Amino acid sequence: MADDLLKFVSIEQEMPSKRVAADRRLDFSEIYAEYVPDAAKEQSSRCSQCGVPFCHIHCPLGNNIPDWLRLTAEGRLEDAYEMAASTNNMPEICGRICPQDRLCEGNCVIEKDFSSVTIGSVEKYIADTAWDNGWIKPIKPRAERSESVGIIGAGPAGLAAAEELRTAGFQVHIYDRYDRAGGLLVYGIPGFKLEKDVVGRRTGRLEQSGITFHMDFEVGRDASLSDLREKHDAILIATGVYRSRGLKIPGVGLGNVREALDYLVASNRKGFGDKVPEFDDGSLDANGKHVVVVGGGDTAMDCVRTAVRQGAKSVKCLYRRDRDNMPGSAREVKNAEEEGVEFVWLSGPEAFDGDNTVKTVRAYKMRLGAADVTGRQAPEPVPDSAFTLECDLAILALGFEPENLPALFGAPELRVSRWGTVTVDHQSMMTNLDGVFAAGDIVRGASLVVWAIRDGRDAANAIMKRLTASQTKKQEVAA
Ligand code: FAD
Ligand code: SF4
Ligand code: SF4
């Protein structure tokens, strides 16, 4: 191996080139270019092929990272893709949107002065190359199985489970209340992080593989959970979390104080060319407005950067902690700053002022006090520190909670935690209802795409085990 690898001492870290901020402010296309083949080889060759690879340990999917880096360094890209796809159903998507600085790359052991291997960009390169070369084909199961599985939710958890189950020959039906498959991959995350055709080619392949998609189908409206249980041998609930966390301050009910997801869904729909009345009448369009986004997570980063692209007059992000203590990815904050977003750190909103619509946000400064139960320093208001910000559109990005699924699904017996997440047995991934499994954000609370994929894969394995065991039992009884 030695000739192709261990080159971190002689080759510097190099990300794929990033479009200049002045250009990227004008459209919703992704901001990073693809590696050229030589650069991907070179960057992969920086890996030192650790005996105990911390990158792999800190990847939620347990990706065999050193192996596919070695294959890329050797120019064996088809093998590299096979290896990457054996643990990840969407390598090109994770390569684009995982917070690598907190996961694989953040744990790469290459000494800090030399900078980590650019694992995410190589993963994206390998998988995009596989698509470009036609190496990714529809699934052809070795043998068909008669049992059917109903999956509620076409987000990454549901899609990953569907792929695993179809590969094993099961009859898979996905039900989703949206008109397009992908969940937050299509309607939450903006195109400048993840272009929509990247998601579309994955869902298209699943359709070509014999998976049946029932779109515009809302469980709770078009069928109850028990209707679906009667139709299928197993059910997977993968519905994500969609109820926005509220803010109880004066003026929060004014017309131009909006929820982050409503804003992002409208923008993503416009990107597809859909008719979106609330965007078309200007209420969810930031063009020409002073925009204030409240929150410091990835959703807030997506909102501020969307507002910039829509032509906002100014975009400010109000966050109650400081830069070092914000939950959003450091890389995204840097991208937002380059694009002209102003961060108002250590600040919280006190009221939205205006007659029918907000004209200003009244805010106050915060400081970090004693650590709370989670170990994070709790922010507290600084006395007499009030200030105001001009505002024509306020967007609340304060996180998400689950909807009341037992009520929504007409299944009061479905057990949920006190936060409303569905409770599963972590060995079997099964809820308290026989044959009903759950995965993704609806189990974990708002999390990451890579964890949703992991959960979807685990749930699929648990479903296969159960259906195989019951098939074997039936055969034994019949014999
Ligand atoms: P979802 O993706 O939410 O999919 C759930 C699906 O279930 C949806 O399609 C929904 O329509 C459907 N559904 C819900 N209820 C019903 C019902 N009653 N009947 C039928 N269908 C139903 N993660 C990252 O790793 N990187 C990022 O950069 C990132 N950015 C994000 C940006 C935003 C704005 C948001 C909101 C989240 C972001 N995340 C990011 C988090 C990530 O998107 C989620 O963790 C992930 O999508 C969860 O996957 P899931 O399959 O559990 O749920
Ligand atoms: Fe890193 Fe995410 Fe890829 Fe795992 S899936 S190797 S965490 S980018
Ligand atoms: Fe290579 Fe870094 Fe992983 Fe070690 S930790 S195997 S150097 S990518």
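The values are calculated or read from the model by the stated rules, or taken from the named source; none is laboratory data. Everything numeric in this text was worked out from a predicted model, so none of it was measured. Note: ideal-geometry Cβ built from the backbone for every residue, glycine included; neighbour counts use all protein chains shown. Just the protein is used for accessible areas: all its heavy atoms, side chains included, with ligands, DNA and RNA removed. Shrake-Rupley method; radii C 1.70, N 1.55, O 1.52, S 1.80 Å.
If I ask for residues that are in a loop (DSSP other than H, G, I, E, B) and under 21 Å from G134 (Cα atoms), which ones from the range 188-197 would you list? The answer is L194, E195. With respect to the conditions (1) more than 9 Å from ligand 1 (Cβ to nearest atom); (2) under 20 Å from G440 (Cα atoms); (3) in a helix (DSSP H, G or I), L261 falls short on a single one, namely (1). Restricted to the range 44-59, and to residues there that are in contact (Cβ under 8 Å) with a residue 60 or more places away in the chain and out of contact with any Pro (no Cβ under 8 Å at 6 or more places or on another chain), the residue that is surrounded by the most Cβ atoms within 10 Å (Cβ to Cβ) is S44.
Taking each residue of the range 228-244 that is of a type in the set (D, E) and looking for partners that are part of a strand (DSSP E or B) with beta-carbon atoms closer than 7 Å, six or more apart or interchain, yields D233/S148; D233/V149. Counting only helices (runs of 4 or more DSSP H) wholly contained in the range 46-145, the ones carrying 1 or more residues that are touching a His at 6+ places or on another chain (Cβ under 7 Å) and either on the phi < 0 side of the Ramachandran plot or modelled with pLDDT under 95 (or both) occupy 65-73.
Here is a check on your reading of the model: is S470 of a type in the set (G, A, S), more than 16 Å from ligand 3 (Cβ to nearest atom) and assigned to a loop (DSSP other than H, G, I, E, B)? So S470 fails the test.
Taken together, R245, R258 contain a single residue that is within 26 Å of the chain's Cα centre (by Cα), open to solvent by 60 Å² or more (accessible area, probe 1.4 Å) and away from ligand 3 (no atom under 16 Å from the Cβ), which is R245.
Name the residue, out of E332, E350, E278, that is open to solvent by 50 Å² or more (accessible area, probe 1.4 Å) and not in a strand (DSSP E or B). The match here is E278.
Annotation: of all residues in the range 337-347 being assigned to a loop (DSSP other than H, G, I, E, B) and open to solvent by less than 20 Å² (accessible area, probe 1.4 Å), the one that is farthest from V252 (Cα to Cα) is E339. Condition test on V149, is it over 15 Å from the mean Cα position of the chain (by Cα) and more than 30 Å from L405 (Cα to Cα)? Judged against the criteria, V149 is not a match. Restricting attention to the range 357-384 and to residues that are modelled with pLDDT of 95 or more and of a type in the set (S, T, Y), the residue that is surrounded by the fewest Cβ atoms within 10 Å (Cβ to Cβ) turns out to be Y364. Kindly establish whether K196 is among the charged types (D, E, K, R) and under 29 Å from P412 (Cβ atoms). No, not satisfied. Being closer than 21 Å to Q377 by Cβ and open to solvent by less than 20 Å² (accessible area, probe 1.4 Å) is the filter here, so list the residues in the range 298-325 that pass it. The answer is A300, C317, L318, Y319, R321. When each of I110, I65, I97 is tested for being farther than 30 Å from D302 by Cα, of a type in the set (V, I, T) and either touching a residue at least 12 places away in the same chain (Cβ under 8 Å) or within 16 Å of ligand 1 (Cβ to nearest atom) (or both), the lone residue that passes is I110. Is it true that some residue in the range 165-175 is within 16 Å of ligand 2 (Cβ to nearest atom) and part of a helix (DSSP H, G or I)? No: zero hits.
When you check T129 against the structure, is it buried (at least 18 other Cβ atoms within 10 Å of the Cβ) and of a type in the set (S, T, N, Q), yes or no?
yes
If only residues of the range 61-118 that are among the β-branched types (V, I, T) and within 13 Å of ligand 3 (Cβ to nearest atom) are counted, the one that is surrounded by the fewest Cβ atoms within 10 Å (Cβ to Cβ) is V109.
The residue that is farthest from ligand 1 (Cβ to nearest atom), among those in the range 435-454 that are part of a loop (DSSP other than H, G, I, E, B) and open to solvent by 30 Å² or more (accessible area, probe 1.4 Å), is A446.
Conditions tested, residue by residue: (1) outside any loop (DSSP other than H, G, I, E, B); (2) surrounded by fewer than 20 Cβ atoms within 10 Å (Cβ to Cβ); (3) more than 17 Å from the chain's Cα centre (by Cα).
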position: V186; (1), (2), (3): yes, no, no
position: V199; (1), (2), (3): yes, no, no
position: L236; (1), (2), (3): yes, no, yes
position: T239; (1), (2), (3): no, no, no
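Take the conditions open to solvent by 60 Å² or more (accessible area, probe 1.4 Å), part of a helix (DSSP H, G or I) and more than 30 Å from S146 (Cβ to Cβ) and apply them to D227. Does it pass?
Taking the combined requirement at face value, the residue does not satisfy it.
A count restricted to the range 204-213 and to residues that are open to solvent by 20 Å² or more (accessible area, probe 1.4 Å), within 18 Å of G150 (Cα to Cα) and in a helix (DSSP H, G or I) stands at 2. Within the range 24-38, the residues that satisfy the criterion of being modelled with pLDDT under 95 and either more than 19 Å from A127 (Cα to Cα) or of a type outside the set (S, T, Y) (or both) are A33, E34, V36, P37, D38. Here the range 146-164 is the region considered, the condition is being part of a helix (DSSP H, G or I) and charged (D, E, K, R), and the residue that is most open to solvent (accessible area, probe 1.4 Å) is E164.
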